[in-house]
Ligand code: ADP
Ligand code: GLC
């Protein structure tokens, strides 16, 4: 079985969020089931050394305004197809945004070029490899199913589109369709058009053979007006082709018994040395040492989705309850400034690092007692899964994948020894305050807390089960 993944990010090469982790992990998990996969990615500057090591498979004289090459290279046990097109991708900073923080003006060409090249590979293969299924991730890959359908070929591979986050849809001026020769009969409300605009994600959803998203609960939420962000009608119409396959995590990379970012390893059985990470974290964030005070952490994009405006309002409560907070993140200027100020307002109690730091995120999972994820919506979420594995109890909004992966510490679940964290109603400061109070109260009952930690750390969070679900999905398509 040959699968061609298409995405705008892939860990460990280029990452802004969970999409990268998933795209980097799924092919590895499926390799164990005998699946051969390639991942098509733009060759951003972060990948320039890989481009130099790679082999040129194809060259384009003019791909939307400049020359381009398709490069094949293997790295980190992944088979990559890199689209090297300097006029589109050789830019400093964020892969989606210009230096003023706005989307690059030509994002339709940047990711449209990736889709165009991938659609060609999908149909004709590269060297002696041809995909049986093309798997398009998020809006950046959304044109692939459309372009494959447009070729109208009997031997075309099947297409899967995965929604990692429906908030990002890739909407562009209708005239952009001319670059891709999208005919009138496909530029309709049922097809690539979204209220007069060209919708990349919409195209992916309208023309894929199957649609998946990253948790069962989010798959249901997507059908509603509240969560579907205007695409609920299309998704309702395609409900029989939509399924939720829960994300896993790379349990080799996220493993407290071997994690090089921790000062001392620890395990579910022997957790004493989690304290070493906690000490290191306290000094890194300038927090007062206080074993009786639960140390919360946040590792996140600072956006409204993540409910971190609510947490800012809850900080006085968190501190009054005896808690401390270490926050690592970057995002909207108002939230970045809000947290910088909070660190000044609550010295020793609230520590903040604005930025992106993979190593530090590991130390935080290792050294914290609880991880806060008060999202308003969350397709899956990965940081709560890392939290489970590191015995850092997730305190989460009851939505999407957070609802599917954290078992609330109710009296009943505590008694049954199934609890792994705290859930709250999303979207309200009151509910967040209550969740914080509950966490602090649980922390004060150290014997119970430790038992919950044990259950959390033993929860399976790897890819095994979900890889099988993808495998079955691909198989069902190939059999058709
Ligand atoms: P999303 O993809 O919506 O941002 P996820 O929870 O799925 O949310 O994935 C976020 C990923 O990005 C996790 O691997 C998390 O550890 C990482 N991450 C987020 N912000 C930072 C940061 N500032 N520094 C390091 N890692 C971060
Ligand atoms: C998105 C979602 C997040 C999910 C990730 C990987 O960025 O916001 O919830 O975990 O994709 O699927």
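No lab work stands behind these numbers, since they all come straight from the coordinates. It should be emphasised that the depicted structure is a prediction, and the values quoted were computed from it without experimental measurement. As a convention, Cβ positions derive from the backbone with ideal geometry for all residues, glycine included, and neighbour counts pool all protein chains shown.
What is the gain in length, in nm to one decimal, between residue 185 and residue 458 on full extension, counting 0.36 nm per residue of separation less the C-alpha to C-alpha distance?
Extra length available between residue 185 and residue 458 comes to 93.0 nm.
Going by C-beta contacts inside 10 Å, put 116, 450, 130, 202 in order with the fewest on the left.
Listed from fewest to most nearby Cβ atoms, that is 450, 130, 116, 202.
Give me 124, 357 ranked fewest to most by other Cβ atoms within 10 Å of their Cβ, as a rough exposure proxy.
Fewest-to-most Cβ neighbours within 10 Å comes out as 124, 357.
Sort 457, 229 so the one with the fewest other Cβ atoms within 10 Å of its own Cβ comes first.
So the ranking, lowest neighbour count to highest, is 229, 457.
Over 20 Å intervals from 0, what percent of Cα-Cα pairs in the chain sits in each interval?
24, 54, 21, 1
Could you compute the FRET efficiency for residue 415 and residue 272, with r as their C-beta to C-beta distance and R0 at 35 Å, rounded to 0.05?
Calculated transfer efficiency: 0.85.
If you take every DSSP beta bridge whose two residues both sit in the chain, what share of them, in percent to the nearest 5, is antiparallel?
Of those bridges, close to 30 percent are antiparallel.
What is the ratio of the Cα radius of gyration of region 274-458 to 2.2 N^0.38 Å, where N is its residue count, to two decimals?
Here the Cα radius of gyration is 0.92 times the empirical estimate.
Using Cα pairs under 8 angstrom and six or more residues apart, how large is the relative contact order of the chain, in percent?
It rounds to 12 percent for the chain.
May I ask for the angle, rounded to the nearest 10°, between helix 107-124 and the longest principal axis of the chain, with both axes built from Cα atoms and the value confined to 0 to 90°?
60 degrees
State the volume of the convex hull built on the alpha-carbon positions of region 271-348, expressed per residue in Å³ and rounded to an integer.
Dividing the Cα hull volume of region 271-348 by its residues yields 95 Å³.
On the Cα set of region 37-108, report Rg and Dmax in Å, please.
Here Rg and the maximum Cα pair distance are 12.7, 36 Å.
At 7 Å along the Cα-to-beta-carbon direction for both residue 229 and residue 337, put a label point, then send me their distance in nm to one decimal.
According to this spin-label approximation, the distance is 2.6 nm.
Where the eigenvalues come from the Cα gyration tensor of region 229-299, what are the semi-axes √(5λ) of the equivalent ellipsoid, largest first, in whole Å?
Output for region 229-299: semi-axes of 40, 18, 10 Å.
Defining a contact as two alpha carbons under 8 Å apart and six or more residues distant in sequence, what relative contact order in percent does region 274-458 show?
It comes to 22 percent, rounded to a whole number.
If you wrap a convex hull around the Cα atoms of region 146-273, how much volume per residue is inside, in Å³?
It is 180 Å³ per residue.
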